[in-house]
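J.: Got a structure for you, questions after.
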Amino acid sequence: MKQTKQHTENTHFLKKGTWTAGSSLFALLGLVLIFWVAVHVHPGTSFLAEAAAQTGQFNLSTEVTSWSGSAEDAILGRFLENTADASSTRPALLGASVPDPSGYRDIYMPADVLSVIDKARSSNLLGEEEEMVFSADSAFLSNVPIRIYRDDTILVICWKEIIDGRVCSCSEIKIADASQMRRKLSQDQYGSPIKAFATDLAAQCNAVVAMNADYYLPRDLGVTVYNGRLYRFNEWTYTGKYRSYNCLDTLLINSSGDFRFLRMGEECSRDQLESLLKQQNILFSIAFGPVLVENGKMVSHDWYPLGEINERYSRAGFAQCGPLHYLYMTVSHSEENTPVCTIDEFAAIFATKNVQYAYAFDGGQTGELVFAGEAYNHIDFGSERTVSDILCFTSSSAALKGGAGK
Amino acid sequence: MSSTAAVFGSIRITWSGLTVAFGILAGVLLAYSLYTAHSGRGKAIWLVLCFSVIPSVLASRIVYVVFHGVEYSGFFAGLLDYSDGGFWLPGAVITLWPAALLIKKTALPDEPEELLDALAPGTAFFAGMVRLSAVFGNTCRSMYVVSAPAFRHFPVAVKMLSADGQAVWHFATFYVSALLLFALMIASLTFYILHHADKMKKPCTRHGNVARLTLVLFCAVELVLDSTRADRTVLSFHLLRFLNRQMREVSITQIFCTVMMLLCMLYYSKCTGSKGKKRLSVRWLLFGGGFLCAMTTEVLVQRYTEYALLLTLAQALSALAMAAGVFLGYLACRDRENYSS
């Protein structure tokens, strides 16, 4: 038996005589590989660690020494509860009125939309001179209704039109008060690993209309502000002259609902940014981009870290037309597999809509416009994907009736 | 606590990276000790290390990138850029098998099964360290909140602050997983010391049983705890909208674990003798019943989350039943007439 084993070993290319050196070599190589692992493999650390640091979630010594409590609590109390829907009862979201079902309408004749706009003007939601993006002369997609919601505090018009052969799903929104624009993170908690369908997140905050935002969870680039608090600001070098926080254009939205951009390459310290957030009452940010339109002029880009801007993909973007007046747009495939676009082509489409500022959100399958609880645009692959956040608009008609509105 | 342990120029070493590396090193040294103590060649262990590290990282990354593709700008970018993102742990564990086979084919005549047996306890330790490395990142990874004050403590739960400043205690999936995997390491080590060379009925071999049973228990742990995760790797029915909504989430890890357990079950089925056949129905009933129950509880827990505790406990029992079915298969395959090796 031993002879057979010895014979077999000698027939292999690594002969016994070479093994002392070979063994040491492989041991050394193994150690080098372990070092490589130490440097490169750090599962889920970078973006989640920042959440942990922000929320102060863990201190081992505190945790160990504070281990106490009675088993009776465990028996009497429920041990586990799901939190996916718990956020719907959080006080912060109770201010949003449930949309009035009679406020929804589907219209097939574009001219009929103008009468709805007139009613919004007569209720002072829209100013007399305020221009709408919606035009009855647009090349609407046939057999698709124009969907509308209107009450005293919000007007939403959703339509699909064809521009340069592409199907653009648009939603024009006018609100009475900036508090009706809400940034909804899953579980209302920065860093929560829970993802949900945009329709579910929209339902949790009684949204009339909602859209995906930056899908902030898996990335650690740009600046993230949520409820006025700075959560994401990393200063490590991203590439070349850019650092993590300024390698993207970041959209900041203040308490008046106005846009401000923190442009790519713009430098500031954490303290400077925090003081800027306070001065300008910034409520939240969205870190995807790039900026598509600034001061009414299209912005073109050669390079950008996210969104494969020079490839043709489904796109999603958000624009401010005026005070408390917004436009959300997606360019996506349709049932007829119509073409999609590069970021510059998308910016050019936005520029034709006479918006003041426009900014790209996460596109692809993430790009979704939710109206009345369901997806309005065609989503890539025909189905929603789970996301970590949305941007939504709610009615506040109940608050208005109670005297708390505008 | 900062996640960065040290910075050397452009190289950033994270605590979690060091923890994972320590897990590999300790696992390899444990395997080396076991293998050489039983007349094995230590150099074979070093070779397994060399052959498996890169494929392990790649395999665990490939699965993660394929199913979390949207987090990356492209497949190869996700595959090669390790600055962020996750890994699919079973991918790292399973690559030991081809590495051991490769050694037999190219370098040494060592039996792969013998090698894998020695590697099994160390691999369980390594997997536990990978889970523990989450202490330097997000520790919970769980969709559940722990509401009972008695359990709002490490290692069962970790505290997070909600946006309105409220403390929320999440079930600490990774800590619980780490503890179970360390317990598995001890069980595997004990089994190796006592039974790694027990004779088996033909055509089963006397080696490889420690690895198989360790894998089965690893799969049982992952099968249950993966169900509690909020960030698990799931199949997405992109082209079938109806299924996407109806099936909710079909976990890749759970599919993998079930298949691995089934393969082990089938392996032991091929070498059961006449005595073993009498137990066939019992162990297959255990395995099949456990499988059906695990599947049912998974479907239910995604829909009736208010019963999560009850359903998760039922799923744990189901996974244990499946593991027990495989273990009965192993017992039936042992050659009792030549029990002592």
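Each reported figure results from applying straightforward, stated rules to the coordinates on display, with no laboratory input. These numbers come from a predicted model, not from an experiment. Every residue, glycine as well, gets a Cβ built from its backbone with ideal geometry; the counts of neighbours run over all protein chains shown.
J.: Output ³J(HN,Hα) for the stretch A:230-239: one whole-Hz value per residue in order, computed from phi by the Karplus curve 6.51 cos²θ - 1.76 cosθ + 1.60 with θ = phi - 60°, and x for Gly and Pro.
T.: 7, 9, 10, 7, 10, 9, 5, 5, 8, 6
J.: Please compute the modelled spin-label separation between B:Asp81 and A:Ser275, points set 7 Å along Cα→Cβ, answer in nm with one decimal.
T.: Taking the two extended label points, one gets 3.4 nm.
J.: Now for a different question. How far, in nm, would the chain grow between B:Val259 and B:Lys105 when pulled straight, counting 0.36 nm per residue and subtracting the alpha carbon separation? Walk me through the intermediate numbers first.
T.: Details: separation 154, 0.36 × 154 = 55.44 nm, distance 2.60 nm.
Once the chain is fully extended between B:Val259 and B:Lys105, it gains 52.8 nm.
J.: Something else: Using the Cα gyration tensor of the stretch A:254-406, with a ≥ b ≥ c the square roots of its eigenvalues, what is the shape: rounded (a/c below 1.5), prolate (a/b larger than b/c) or oblate (neither)? Let's see the in-between values first.
T.: Working: a/c = 1.78, a/b = 1.15, b/c = 1.55.
It comes out oblate by the Cα gyration axes.
J.: Further, regarding this structure: Other chains near B:5-14: what is the mean number of their Cβ atoms within 10 Å of each residue's Cβ?
T.: Across the residues of B:5-14, the mean count of other-chain Cβ atoms within 10 Å is 3.
J.: Return the distance in nm (one decimal) between the two label points of a simple spin-label model at B:Phe67 and B:Asp335, each offset 7 Å from Cα along Cα→Cβ.
T.: Taking the two extended label points, one gets 4.0 nm.
J.: Using R₀ = 30 Å, calculate the FRET efficiency as 1/(1 + (r/R₀)^6) where r is the Cβ-Cβ separation of B:Tyr304 and A:Glu374; round to 0.05. Walk me through the numbers on the way to the answer.
T.: Values: r = 24 Å, r/R0 = 0.81.
Computed FRET efficiency for B:Tyr304 and A:Glu374: 0.80.
J.: A follow-up question, please. How high is the relative contact order of the stretch A:119-264, given as a whole-number percent (alpha carbon pairs under 8 Å, six or more residues apart)? Spell out each step's value before the answer.
T.: On the way: 189 pairs, mean separation 19.2, N = 146.
Relative contact order, the stretch A:119-264: 13 percent.
J.: Which cross-chain or sequence-distant (5 or more) residues have an amide H under 5 Å from the amide H of B:Trp169, H modelled 1.01 Å from N in plane?
T.: Hits under the 5 Å cutoff: B:Val146, B:Met160.
J.: Here is a further query. Please list, in order along the stretch A:380-389, the HN-Hα scalar couplings obtained from phi with the Karplus expression 6.51 cos²θ - 1.76 cosθ + 1.60 (θ = phi - 60°), rounded to whole Hz, x for Gly and Pro.
T.: 3, 6, x, 8, 5, 10, 6, 9, 9, 6
J.: Can you figure out the FRET efficiency of A:Arg229 with A:Ser102, using R₀ = 41 Å and their beta-carbon distance, to the nearest 0.05? Before the final figure, lay out the partial values.
T.: Details: r = 38 Å, r/R0 = 0.93.
Taking R0 as 41 Å, the efficiency between A:Arg229 and A:Ser102 is 0.60.
J.: Determine which aspartates and glutamates satisfy two conditions relative to A:Lys278: a Cα distance under 19 Å, and not lying fewer than 8 residues away in the same chain.
T.: The qualifying aspartates and glutamates are A:Asp258, A:Glu266, A:Glu267, B:Asp164.
J.: Nearest 0.05, what FRET efficiency do A:Glu345 and A:Ser142 give at R0 = 25 Å with Cβ-Cβ as r?
T.: Numbers: r = 23 Å, r/R0 = 0.92.
Efficiency, rounded to the nearest 0.05: 0.60.
J.: For a protection proxy built on the mean count of beta-carbon atoms within 10 angstrom, sort A:320-328, B:125-133 highest first, please. Provide the component values of the computation, followed by the final result.
T.: On the way: A:320-328: 21.3, B:125-133: 25.7.
Sorting A:320-328, B:125-133 by mean packing, highest first, produces B:125-133, A:320-328.
J.: Now, a different point. Compute the signed sum of charges (Lys and Arg +1, Asp and Glu -1) over the other residues within less than 12 Å, Cβ to Cβ, of A:Ala111.
T.: Working: positive: none; negative: A:Asp112, A:Asp118, A:Asp137.
Summing Lys and Arg as +1 and Asp and Glu as -1 gives -3.
J.: Separate question: Which residues' amide hydrogens lie under 5 Å from the amide hydrogen of A:Tyr231, considering only partners 5 or more residues apart or on another chain, with H built in the peptide plane?
T.: Close amide H contacts, sequence-distant or interchain: A:Thr224, A:Val225, A:Tyr226.
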